[in-house]
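Undergrad: What follows is a structure written as structure tokens; I'll ask about it next.
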Amino acid sequence: MPLPVRSLRLLPGLLACALLTACRATAPGPDAPRVADSSPVGDSSPVVFEDPDWVVDGHVTGDFVEGMGGWFMESAALRRGAPPAGVFVVAADGASAPPLGAHVRVTGPLRSVDGLRTMHPAHIETLPTPAPALPPARLTGAPQNWSELIGRRVRIDAPLTVSGQHERSRRGTLVASFDGRLYVPSEIAQPGAKAAMVQSANAHRRILLDDGRDDAPEDGAPWYLPETARALRNGSVLTGVEGIVDYRHGAWRLQLTAPVQVQPAPRPAPPVVEGDVRIAAFNLENLFNGNGRGRGFPTARGAETPAQYARQLEGLVATITALDIDVAALMELENDGYDARSSIAQLVDALNAAGPTRDWRFVGTGEGPGSDAIRVGLIYRDTRVRPQGDPATLGGGPFERSSRVPLAQAFVPVRDGQPDGADFSVVAVHFKSKGCGTAEGADRDIGDGQACWNATRTESAHRLLTWLETAPTGSNERVAVVGDFNAYAREDPLRLFYDTGWRDPFAGAAEPPHSFVFDGQAGRLDHALLSPALAERVAGAAKWHINADEPDDMREREASGPWRSSDHDPLVVGLKLRGR
């Protein structure tokens, strides 16, 4: 966003010399060059000020010629109350930066580019008499106004939390934040004014850490991270952060000048969830298996090669096996039928091959559900639960054009092949995503924090609730609606459920739970909503943070294991249903 513009004052006589550490002359004549004022300048487009011949004295603070085409210098202002000024000097083709710490004088036009003083030098002179270099500005918390520090070297004396890594392997950047990680506003506050307050606070606490170049770092690992931090997770703590304040690509950032120290967040063990029946929900991030015979790659939405598919399948099997669950609702499953070559059949085969019991089965509906390229699915262990009656699906309305068709199935716990406890129903859902694309009318982003397609997701929730009242699986007493709602906890689709008595087993957690990280903010798109009768039987609930907090290239970096097997974290709810 453009920064406020403050005019540069061209001061006559000796006052001009007082603004920076040195001038060309003590009393400039009519043809003498002007000296840059220390006031911040800001305009989103480059602007040449009145006189093209500015003189700036200062010390070289950062060499970014290779990655950014220039270098930073910082000049002390002697005028009372004026802060030091940072300047980015564009390097001529083939030119290198002066040595770090060198005391230089640069002459040339001064421009404002996104608020950063930028010079295309006509002349650079290394001064023979060194002046003391300015120490970095010290920050113990987020500054009130980053623009006052633009171009300056800073050292952060407070811990920063890694909140996002989406562009770590693409541009060498991390989203970091003061005072802990960042949460999606509508995860913790009502949409509208309250969510806007959270968003404002997030913007104040957020800073990008940059490696000083726009292309991808070698091996996907920025130079400022230690070799041991390649599996760096969100929630890790960084200290000793030092760099130059910069604004580009629409965000405040630090162009780092030194490696950082890392206190890594540990990878969590599989959660132990109490209860005698455990239900999970897991978005598989487009599980497509080609033609089911080892060919047909790249696929329309999933793996590009057989090796990528094999690694994805291996990670999903490792995840589901470690969770020790009885029923799983799956999202983003290829909609390719139910024969032996289908994605769901081959996932179940892989699960059975990985364990001693070989008791995994899937719920088949003949075709679909729905006609979208992806669908929801249900899998279960037939030594622990047994389907009761036929599956049910809900089409039409938003489920015809955008949200995926829900799939419901009733189950009963079994022991030694015989019923052993209270029946329950699981409904797998996947509502329309937030991406704006072709959103029109009521589905446009109205700026309340719920993004696009909120009207469609809310209509999907309303239709689903109305359908569940008809007991499509034979009973509407003990029901779990689980899956990817593409809505955060305080948004309208979830509030419809809460307002009619449905319960969230994660409500009241000490810290906001999350299953997804977007743009450096964590929140829940994946939910388990329980009818009152089923909520009374909850024994425990957990999310296993194996994906959302991992770098998005970890699936390719590691040979096996659950890490980054998807972009969503799985959830598990434990229930007490067996016996009387």
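Derivation of every value follows stated rules applied to the coordinates shown; laboratory data play no part. These numbers were taken from a predicted model, which means no experiment stands behind them. A quick note on method: Cβ atoms are made from the backbone with ideal geometry, for glycine too, and the neighbour counts reach across all protein chains shown.
Undergrad: Can you give me the distance in nm between label points at Thr383 and Ala158, each placed 7 Å from the Cα along the Cα-to-Cβ direction?
TA: With each label placed 7 Å out from Cα toward Cβ, I get 5.4 nm.
Undergrad: Measure nothing but the geometry: give the 0 to 90° angle between the long axis through the Cα atoms of 193-205 and the longest principal axis through the Cα atoms of the chain, rounded to 10°.
TA: Between helix and principal axis, roughly 50 degrees.
Undergrad: Answer with one residue from Ala176, Ala201, Leu284: the one whose Cα lies farthest towards the positive end of the charge dipole of the stretch 159-285, charges on Cβ with Lys, Arg +1 and Asp, Glu -1.
TA: After comparing all options, I get Ala201.
Undergrad: Within 10 Å, count the other beta carbons around each residue, average over each peptide in 466-479, 554-567, and list them highest first.
TA: Sorting 466-479, 554-567 by mean packing, highest first, produces 554-567, 466-479.
Undergrad: Compute the separation of the alpha-carbon centres of the stretch 244-259 and the stretch 317-382 and state it in Å as a whole number.
TA: 45 Å
Undergrad: Counting other C-beta atoms within 10 Å, which of Ser531, Ser433 has the fewest, and how do the rest follow?
TA: So the ranking, lowest neighbour count to highest, is Ser433, Ser531.
Undergrad: Dipole of the stretch 179-257, Cα-centred, from +1 at each Lys and Arg C-beta and -1 at each Asp and Glu C-beta, to the nearest 20 debye?
TA: So the magnitude is around 480 debye.
Undergrad: Would you work out the relative contact order for the chain, in percent, from Cα pairs under 8 angstrom that are 6 or more residues apart?
TA: 12 percent
Undergrad: Where the only charges are on Cβ atoms (+1 Lys, Arg; -1 Asp, Glu), what is the dipole of the stretch 416-511 about its Cα centre, to the nearest 20 debye?
TA: That gives a dipole near 240 debye.
Undergrad: Along the charge dipole of the chain, pointing to its positive end and built from +1/-1 on Cβ of Lys, Arg, Asp and Glu, which listed residue (Ala353, His249, Tyr498) has its Cα farthest out?
TA: Tyr498
Undergrad: Order of 378-385, 272-279 by packing, highest average Cβ count within 10 Å first?
TA: 378-385, 272-279
Undergrad: Sort Val376, Val55 by Cβ crowding within 10 Å, fewest neighbours at the top.
TA: Going from sparsest to densest Cβ surroundings: Val55, Val376.
Undergrad: If each residue's Cβ is checked for other Cβ atoms within 10 Å, how do Tyr247, Tyr338, Tyr488, Tyr498 rank with the fewest at the top?
TA: Ranked by crowding around the Cβ, least crowded first: Tyr498, Tyr338, Tyr247, Tyr488.
Undergrad: Where nothing but the Cβ of Lys and Arg (+1) and of Asp and Glu (-1) is charged, how large is the charge dipole of the chain around its Cα centre, in debye to the nearest 20?
TA: 840 debye
Undergrad: Ok, one more. Using alpha-carbon positions, what is the distance between the centroids of the stretch 529-552 and the stretch 184-224, in Å?
TA: With the stretch 529-552 and the stretch 184-224 each reduced to a Cα centre, they are spaced 25 Å.
Undergrad: Follow-up question, since we're still on this one. Compute the helix-to-body angle for 306-323: its Cα long axis versus the longest principal axis of the chain, expressed 0 to 90° and rounded to tens.
TA: 70 degrees
Undergrad: Another question, if that's okay. Would you work out which of Ala95, His123, Pro136 lies farthest towards the positive end of the dipole of the stretch 95-155, given +1 charges on the beta-carbon of Lys and Arg and -1 on that of Asp and Glu, about the Cα centre?
TA: Result: Pro136, furthest along the dipole toward the positive end.
Undergrad: What shape does the stretch 277-575 have by the C-alpha gyration tensor, where a ≥ b ≥ c are the square roots of the eigenvalues, rounded means a/c under 1.5, and otherwise prolate means a/b greater than b/c and oblate the rest?
TA: Because its axes are fairly even, with a/c under 1.5, the stretch 277-575 counts as rounded.
Undergrad: Let me ask something else. Express the Stokes-Einstein translational diffusion coefficient of the chain in µm² s⁻¹, to the nearest whole number, given a Kirkwood radius over alpha-carbon pairs, 4 °C and a viscosity of 1.567 mPa s.
TA: 48 µm²/s
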